[in-house]
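Report on the following structure.
Please treat every number below as a calculation from the coordinates, not as lab data. In this text, all values refer to a predicted model and were calculated from it rather than measured experimentally. Cβ coordinates were reconstructed from backbone atoms using ideal geometry, including for glycine residues, and neighbour counts include every protein chain displayed.
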Amino acid sequence: MSEVKYAEDRPKDCRYCYFWSGKKKGCDLGGEENCYYRIRPEEIPHSECDGCPYRQEPKCVSLCMKKILKDWKGKS
């Protein structure tokens, strides 16, 4: 699991944060998992070619074998 990263301008303690409402109520955003200063990892879009052995640079084929095989199986 990756380490949680926060923005540089994050206060040292939640008590100094704009969204802090005191000891009894706590954070208005619902805790550390919803922290305003938390930097979330960018989601990588998944491609149809993920896992394809021909996708690597030196071996890359200009045709998508998955599509060709799918069309071929559909015709027979």
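What the table below lists for this structure:
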{"read-out": "Pairwise label distance in nanometres, Glu48 with Ser21, each label 7 Å out on the Cα-Cβ vector", "value": "4.8 nm"}
{"read-out": "Rough spin-label spacing in nm, given labels placed 7 Å along Cα→Cβ, for Lys73 and Glu32", "value": "4.6 nm"}
{"read-out": "Ranked by how many other beta carbons lie within 10 Å on average, peptides 39-52, 5-18 from highest", "value": "5-18, 39-52"}
{"read-out": "Calculated FRET efficiency for the pair Cys14/Arg40, C-beta based, R₀ 25 Å, to 0.05", "value": "0.85"}
